[in-house]
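Following: one structure in structure tokens, then a few remarks.
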Protein chains: 4
Amino acid sequence: MPAFTLAFRSGRRMHNCPIKRWSRRKAARPQEILEAALDVFAERGYAAAKIEDIARHAGVTRGTPYLYFKNKEEIFAALIRELLLPKIAFGESLMAEPGLGAGERLRRLVRAWWSEVGATRLSALPKLMIAEARNFPEVAQLYHDEFIAPGQALLQRILEEGAASGEFRAVPADPAVHVISAPIVMLMIWQHTFMPCCIGHEVDPELYLDTLLDLLLRGLSTHPASA
Amino acid sequence: MPAFTLAFRSGRRMHNCPIKRWSRRKAARPQEILEAALDVFAERGYAAAKIEDIARHAGVTRGTPYLYFKNKEEIFAALIRELLLPKIAFGESLMAEPGLGAGERLRRLVRAWWSEVGATRLSALPKLMIAEARNFPEVAQLYHDEFIAPGQALLQRILEEGAASGEFRAVPADPAVHVISAPIVMLMIWQHTFMPCCIGHEVDPELYLDTLLDLLLRGLSTHPASA
Amino acid sequence: MPAFTLAFRSGRRMHNCPIKRWSRRKAARPQEILEAALDVFAERGYAAAKIEDIARHAGVTRGTPYLYFKNKEEIFAALIRELLLPKIAFGESLMAEPGLGAGERLRRLVRAWWSEVGATRLSALPKLMIAEARNFPEVAQLYHDEFIAPGQALLQRILEEGAASGEFRAVPADPAVHVISAPIVMLMIWQHTFMPCCIGHEVDPELYLDTLLDLLLRGLSTHPASA
Amino acid sequence: MPAFTLAFRSGRRMHNCPIKRWSRRKAARPQEILEAALDVFAERGYAAAKIEDIARHAGVTRGTPYLYFKNKEEIFAALIRELLLPKIAFGESLMAEPGLGAGERLRRLVRAWWSEVGATRLSALPKLMIAEARNFPEVAQLYHDEFIAPGQALLQRILEEGAASGEFRAVPADPAVHVISAPIVMLMIWQHTFMPCCIGHEVDPELYLDTLLDLLLRGLSTHPASA
DNA sequence: CATGAATGAGCCTTCATTCAT
DNA sequence: TATGAATGAAGGCTCATTCAT
């Protein structure tokens with residue numbers, strides 16, 4: 001998964017910014033700290049991540065994160081709010097595109113989900129959020145309301161469209177969206193859990209997603225032979 | 001999910017037991033402490049769980065857990081080793097039963113998985129293990145080798161049998177077992193993540209599993225109409 | 001120094017005691033516990049010595065020492081009082097013996113000191129007492145008044161006798177007794193400090209004492225050529 | 001022993017120093033903490049010394065020692081390594097001085113030993129090291145190899161020189177150096193053991209050393225009348 | 001008498017957070 | 001803005017001591 005390490009930093013350079021280099025640096029600090037926090041939280045989890053490690057990863061020292069974030073919890077919350085939540089927007093554009101079958105839409109949604117989040121360092125956040133949801137209910141609520149729920153709403157609309165058009169069988173919406181999204185989330189989790197420790201065989205994300213879509217589309221289709 | 005709260009009987013109060021209360025403790029203590037640890041780890045995660053909380057949950061004081069476990073990490077490891085790993089045995093018996101179609105076997109495996117682990121307080125352990133795998137690689141290795149791998153081997157045998165008998169399509173084994181098991185693991189995770197906080201709508205496990213099996217068996221079947 | 005390990009247990013058996021074996025055992029317990037404590041304190045020092053180790057050394061369990069001693073400090077105090085202080089008695093008999101020159105008396109005192117204490121497991125006690133004097137002033141006071149002071153009084157009497165008879169030069173009594181006794185105490189300390197760790201070359205006690213007496217007697221003598 | 005309390009200037013208060021109080025600390029802290037540790041270890045011994053006491057003695061709080069030392073044991077080791085071992089250097093210069101008789105050299109060595117270490121707060125370290133040698137074998141080894149052994153080598157060279165020049169009798173080197181150094185070490189120990197508790201009469205170090213040298217030089221001399 | 005399970009005070013150590021520079 | 005020395009609350013763990021058996 002070569003895109004994994006490259007995808008994240010893109011689009012944040014400001015080559016033509018007239019302000020002097022130093023204050024540009026200043027402006028970038030919160031982002032840099034969040035990215036560092038993402039790395040360290042991903043590796044150690046929330047509690048075992050030390051602020052100093054995050055600071056060092058960001059190239060600053062112990063006190064600096066506190067210039068931009070009230071405390072550790074706020075860094076965590078900002079991680080979700082600033083980095084992850086905006087990513088949900090990609091879904092809207094997908095649904096806006098007209099003239100696509102439900103199957104095709106589902107395919108595109110899954111692939112976009114992967115390329116926007118799963119193949120990115122952001123893929124550490126679902127695991128982190130899951131691990132800490134009960135310790136930080138407000139963040140969990142935010143994550144659910146602004147990320148999970150909209151994502152599942154997209155899925156649900158696709159299922160409804162497919163059912164309406166006769167392309168998909170009717171399945172109970174609520175459990176279905178969970179069932180469908182679960183393997184994608186688990187793939188992200190898996191990548192941050194066992195693969196970095198060289199535990200177990202590698203899972204190839206592309207093949208995994210192909211297999212997932214193959215099973216899902218056949219499973220949903222009213223004309224399985226053609227799926 | 002009514003079974004959830006009932007399945008894991010603590011046995012901590014036995015007023016009518018003729019054996020003396022005090023002398024019985026010695027034998028029962030490790031179990032009681034592990035069950036308490038399961039609760040507290042499930043609620044807070046490893047790092048945020050205090051030994052004293054675990055002790056109090058078990059009805060003892062700070063020092064007592066250390067009479068039975070070397071330290072906090074050993075409690076965690078024992079949780080996996082003593083409580084979770086034995087549960088994998090149920091799979092063998094399932095495969096031993098003769099004369100079942102692959103679809104039926106898959107159904108039974110999923111349901112057994114749920115009743116043995118998912119509907120139990122043990123269902124907190126996959127989430128805990130996922131969150132802490134990188135902090136405790138040896139425990140993660142153990143969990144993978146003794147729980148995940150055998151479980152996936154079962155699934156793989158079912159897929160192979162189904163393909164051999166013509167009941168299932170041929171699918172790439174490796175990603176398929178991940179894809180198939182992912183929703184079950186995610187259901188356990190979900191129950192310990194968002195449902196206890198009253199975040200998001202409840203997910204009914206039975207309906208979820210029905211939907212999952214419905215989608216999977218259709219997706220795998222060579223004669224989808226009859227799945 | 002083969003006597004070292006053997007000297008201590010001697011003379012405590014009660015073969016002809018009519019009481020039954022069990023109550024004899026009972027009667028011997030405090031002694032056994034003190035001897036065990038001596039071993040463990042010698043090896044680890046007061047604070048690092050665990051009551052359970054002492055108990056195990058004595059062949060009993062955690063609670064038993066508390067049947068005979070109020071607490072850890074009392075075990076330490078009893079060690080000094082019961083085992084060490086009685087040993088000072090040997091000096092009286094030495095002084096009682098008539099018709100000895102001061103030099104010969106000094107020789108006998110040093111050798112008796114060594115055989116009665118230095119070559120014994122009791123030789124651990126001066127080091128222990130020194131290390132803990134400031135934490136247990138009452139015990140230190142006892143040790144000083146009942147062991148050090150009488151011992152130094154013996155020495156002083158010898159020096160005075162020697163000076164009176166013209167065998168010894170006149171030396172300031174107070175510092176002299178310290179100077180003379182110091183090497184003997186240091187030999188005991190050395191044996192319990194660096195020799196058990198195989199650190200540094202061994203010191204042969206007999207040769208050490210010979211050299212000490214040689215230097216001392218020459219140093220004290222009014223006719224050094226004949227010393 | 002008036003030098004005793006004065007010799008080890010802590011330098012902890014420098015009100016008229018123009019450098020800012022706060023920025024100066026960083027450089028001075030390790031020294032300050034070691035000196036505080038020296039005091040507290042001397043008073044209580046290793047195990048009974050609390051890090052918080054050391055910190056408070058140094059004018060800082062619980063966490064600060066850990067900014068400079070990994071743990072309690074490292075503070076102990078640093079005490080030996082940083083404060084005591086350098087003191088052994090004084091011996092070299094003594095031996096370098098030409099044209100001195102062996103007796104005069106021995107006199108100077110003993111007096112230097114006393115002024116450099118014995119009359120200093122450092123004199124607590126031999127007692128501490130003796131008490132803890134078996135609990136910290138590596139530190140004991142270091143202490144032996146870098147402090148005891150070089151010191152004894154100096155003594156041995158003096159004895160050999162004296163024997164070669166005919167000033168001293170021939171005495172077995174190995175026990176002799178132990179015997180000769182023992183009273184000096186015991187004087188240090190004594191000062192930190194019974195004198196602070198007002199137990200027993202005071203020992204005047206100067207008189208003690210005079211007496212020691214008198215006895216030793218007479219004891220070693222081939223012409224005792226002139227010693 | 002003896003046991004050993006249990007207690008709980010106490011200490012070492014960590015680390016989020018502050019603040020003087 | 002940034003630093004990093006210092007703080008001090010908090011938690012893991014030990015072990016002297018107790019007491020029900």
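The table for this structure:
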{"item": "Residues of region A:73-89 classified as within 13 Å of another protein chain (Cβ to nearest Cβ) and without any contact (Cβ under 8 Å) to a residue 60 or more places away in the chain, total", "result": "0"}
{"item": "Condition check for B:LEU128: at the interface with chain A (Cβ under 8 Å from one of its Cβ atoms), surrounded by 19 or more Cβ atoms within 10 Å (Cβ to Cβ) and at pLDDT 95 or above", "result": "no"}
{"item": "Members of region D:72-106 that are of a type in the set (Lys, Arg), under 28 Å from D:VAL171 (Cβ atoms) and over 17 Å from the mean Cα position of the chain (by Cα)", "result": "D:ARG105"}
{"item": "Filter result for the condition that a residue is within 16 Å of DNA strand F (Cβ to nearest atom) and at negative phi, over C:ILE88, C:ILE75", "result": "C:ILE75"}
{"item": "Odd one out for D:GLN156, checked against (1) surrounded by fewer than 22 Cβ atoms within 10 Å (Cβ to Cβ); (2) touching a residue at least 40 places away in the same chain (Cβ under 8 Å); (3) more than 8 Å from chain C (Cβ to nearest Cβ)", "result": "(2)"}
{"item": "Condition met for C:ARG107 (farther than 29 Å from D:ARG44 by Cα and either within 14 Å of chain D (Cβ to nearest Cβ) or within 16 Å of DNA strand F (Cβ to nearest atom) (or both))", "result": "no"}
{"item": "B:GLY166 being in contact with a Ser or Thr (Cβ under 8 Å, 6 or more places away or on another chain) and either among the small types (Gly, Ala, Ser) or surrounded by fewer than 21 Cβ atoms within 10 Å (Cβ to Cβ) (or both)", "result": "yes"}
{"item": "Count - residues of region A:112-145 that are of a type in the set (Lys, Arg) and in contact (Cβ under 8 Å) with a residue 40 or more places away in the chain", "result": "2"}
{"item": "Residues located in region B:192-212, provided they are within 15 Å of A:SER181 (Cα to Cα) and at pLDDT 95 or above", "result": "B:TYR208, B:LEU209, B:THR211, B:LEU212"}
{"item": "Flag if A:VAL177 is modelled with pLDDT under 95 and within 10 Å of chain B (Cβ to nearest Cβ)", "result": "no"}
{"item": "Output for region A:191-200, where each listed residue is more than 7 Å from chain B (Cβ to nearest Cβ) and either assigned to a loop (DSSP other than H, G, I, E, B) or without any contact (Cβ under 8 Å) to a residue 60 or more places away in the chain (or both)", "result": "A:HIS192, A:MET195, A:CYS198"}
{"item": "D:ILE148 vs. criteria part of a helix (DSSP H, G or I) and in contact (Cβ under 8 Å) with a residue 40 or more places away in the chain", "result": "no"}
{"item": "Test result for C:ALA119, in the same structural domain as C:LEU155 (by TED's automatic domain parsing), touching a helix residue (DSSP H, G or I) at 6+ places or on another chain (Cβ under 8 Å) and over 24 Å from C:GLU43 (Cα atoms)", "result": "no"}
{"item": "Filter result (part of a loop (DSSP other than H, G, I, E, B) and within 16 Å of DNA strand E (Cβ to nearest atom)) within region D:68-104", "result": "D:PHE69, D:LYS70, D:ASN71"}
{"item": "Single unsatisfied condition, C:ASP204 versus (1) under 22 Å from C:GLY45 (Cα atoms); (2) under 21 Å from the mean Cα position of the chain (by Cα)", "result": "(1)"}
{"item": "Selection count where residues are more than 14 Å from chain A (Cβ to nearest Cβ) and within 14 Å of DNA strand E (Cβ to nearest atom), scope region B:33-48", "result": "3"}
{"item": "Selected residue (criterion: nearest to the other protein chains (Cβ to nearest Cβ)) from residues of region D:49-67 that are surrounded by fewer than 17 Cβ atoms within 10 Å (Cβ to Cβ), near DNA strand E (Cβ under 8 Å from one of its atoms) and not in a helix (DSSP H, G or I)", "result": "D:LYS50"}
{"item": "Test for A:VAL60: is it closer than 28 Å to A:ALA149 by Cβ and at pLDDT 95 or above", "result": "no"}
{"item": "Any chance C:SER115 is among the polar types (S, T, N, Q), part of a helix (DSSP H, G or I) and farther than 18 Å from C:ALA182 by Cα", "result": "no"}
{"item": "Test for C:LYS70: is it over 30 Å from C:THR222 (Cβ atoms), in contact (Cβ under 8 Å) with a residue 40 or more places away in the chain and basic (Lys, Arg)", "result": "no"}
{"item": "Of all residues making up region B:87-136, the number that are under 26 Å from A:ALA131 (Cα atoms) and basic (Lys, Arg)", "result": "5"}
{"item": "B:ASN135, sole failed condition from (1) away from chain A (no Cβ under 14 Å); (2) surrounded by fewer than 20 Cβ atoms within 10 Å (Cβ to Cβ)", "result": "(1)"}
{"item": "Residue within region B:1-20 that is at pLDDT below 95, surrounded by 11 or more Cβ atoms within 10 Å (Cβ to Cβ) and within 14 Å of chain A (Cβ to nearest Cβ) present", "result": "yes"}
{"item": "Selection count, region C:93-108, where residues are touching a residue at least 24 places away in the same chain (Cβ under 8 Å) and surrounded by fewer than 16 Cβ atoms within 10 Å (Cβ to Cβ)", "result": "1"}
{"item": "Hits in region B:201-212 - residues which are surrounded by fewer than 21 Cβ atoms within 10 Å (Cβ to Cβ), more than 8 Å from chain A (Cβ to nearest Cβ) and assigned to a helix (DSSP H, G or I)", "result": "B:GLU206"}
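The values are calculated or read from the model by the stated rules, or taken from the named source; none is laboratory data. Everything quoted here is computed from the prediction, not taken from an experiment. Every residue, glycine among them, receives a Cβ derived from its backbone with ideal geometry; neighbour counts consider all protein chains shown.
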